[in-house]
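Okay, structure first, notes after.
The values are calculated or read from the model by the stated rules, or taken from the named source; none is laboratory data. Only a predicted model underlies this, so the values are computations on that prediction, with no experimental measurement involved. Cβ placement follows ideal geometry from the backbone for every residue including glycine, while neighbour counts extend to all protein chains displayed. Side chains are part of the model used for accessible areas, which takes the heavy atoms of the whole protein and leaves out ligands, DNA and RNA. Shrake-Rupley method; radii C 1.70, N 1.55, O 1.52, S 1.80 Å.
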Amino acid sequence: MNPTARIPFLDLTRANAAVREQLDEAWRRTLESGRFVGGAEVAAFEADFAGHCGAAHCVGVANGTDALELVLDGLGIGPGDEVIVPANTFVATAEAVCRVGARPRFVDVLPDTLLIDPAAVEAAVGPSTAAVVGVHLFGQMVEVDALASVTARYGLALVEDAAQAHGARFDARRAGSVGVAAAFSFYPGKNLGALGDGGAVVSSNPDLVDRIRRVADHGRSDDRHRHDTVGRNSRLDAVQAAFLGVKLAGLDEANRQRIDAMAQYRCELPDAASPVATHRLAEPVHHLAVVQVRDRQAVTRALDAAGIGWGLHYPVPCHRQPAFARYADGSLPVVEAAADRILSLPLFPGITKSEVRRVCDVIRGGPG
Ligand SMILES: *Cc1c(COP(=O)(O)O)cnc(C)c1O
């Protein structure tokens, strides 16, 4: 490999090139079927994905944000309700809460994993609390047992935001199988990515799933011309479902490549760049390679000079975003301190050992 070639933060063309023929065939099959929204391709993928998650049902929807919103709406959460969410997440988690008319209550995260702190959740429970969204961020599931014991004690719904955790496990249970329902995103850069937007709700609660499926399809009843509830349109395209079927067959292998690359980062990075910790019961799928560094500007300058891509997830915690400032009640010290130190390194299926080594060398201050 050319030692001065750019190392992208994310290279989707590599992963897609590996299954190019199957993707072409999926497109050809969909085109010839003449069925582009819903239908057999979507039903087949829904069954496969539910099985992969260890859940009974899956409903394909338009994107991960809709999946979250549809779950909260399906649970009857709305105005007057409060939903506890971690301040360290992509804004979509909080958006979904606001879109159903409820109020997000931001809580702090654990300093080692940067995932939602179950003790902070318990401290935030109040008379209006209806649900907790556990966000399996960076590919690692939240502390499921601790969180589920809080939600059970107070009679709250535990919703999983699994948009970054396709295939992750905690104590042998898969993301998507531990809450009342889970929301997945198939945005192209996610561990299981479509070639466009897509999402899914996964749940083993048949009534909730049925309600969500109807709302997402204009509130249709069994008679497609009778609309019992005011619904909306949030459906998975047949061609995306066909592509996702191809990608799902390779998901475990793609995740293994992420895990291997992350293990190499852990070995070869200098102490000054420390990866977020893994809970001893968690088996993460490493959506992102997040490290904490003291002097981020110096590190990103060195990476820039060496032609190495990087990202920030997330430099502004949700409660500090202008859109959600009105929901902030005080400071959340762990997430606020981490926001200045986090740095995401290149990580994607197909990244080579020599590329990971070069990133580590550059961070150590060696030659780019
Ligand atoms: C990507 C993401 C979402 C939203 O998914 P979209 O498909 O982009 O709407 C929600 N939560 C988290 C944690 C995400 O990373």
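Tabulated results
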item: Magnitude of the charge dipole, region 239-345, Cβ model with Lys/Arg +1 and Asp/Glu -1, debye to 20; result: 160
item: Peptides 224-230, 77-83, 179-185 ordered by average Cβ neighbours within 10 Å, highest first; result: 179-185, 77-83, 224-230
item: Region 94-233 - percent of accessible surface contributed by carbon and sulfur, probe 1.4 Å; result: 47
item: Mean separation of Cα contacts under 8 Å (6+ apart) over length of region 74-139, as relative contact order %; result: 41
item: Surface per residue (accessible, 1.4 Å probe) for the chain, Å²; result: 42
item: Candidates Asp340, Asp252, Asp207, ranked by Gaussian network fluctuation over the chain, Cα under 10 Å, top entry; result: Asp207
item: Carbon/sulfur fraction of accessible area - region 274-331, other protein chains in place, 1.4 Å, %; result: 49
item: Relative contact order (%) - region 244-368, alpha-carbon pairs under 8 angstrom, separation at least six; result: 36
item: Prolate/oblate/rounded call for region 140-281, Cα gyration tensor, a/c under 1.5 rounded; result: oblate
item: In order through region 231-242: 3J(HN,Hα) via Karplus (6.51 cos²θ - 1.76 cosθ + 1.60), integer Hz, x for Gly, Pro; result: x, 7, 10, 8, 10, 8, 5, 4, 5, 5, 4, 5
item: Bridge type composition, region 119-223 - antiparallel percent by DSSP, nearest 5; result: 45
item: Percent RCO, i.e. relative contact order, over the chain, from Cα pairs under 8 Å lying at least 6 residues apart; result: 23
item: Prolate/oblate/rounded call for the chain, Cα gyration tensor, a/c under 1.5 rounded; result: oblate
item: Shape call, region 237-368: gyration tensor on alpha carbons, a/c limit 1.5; result: oblate
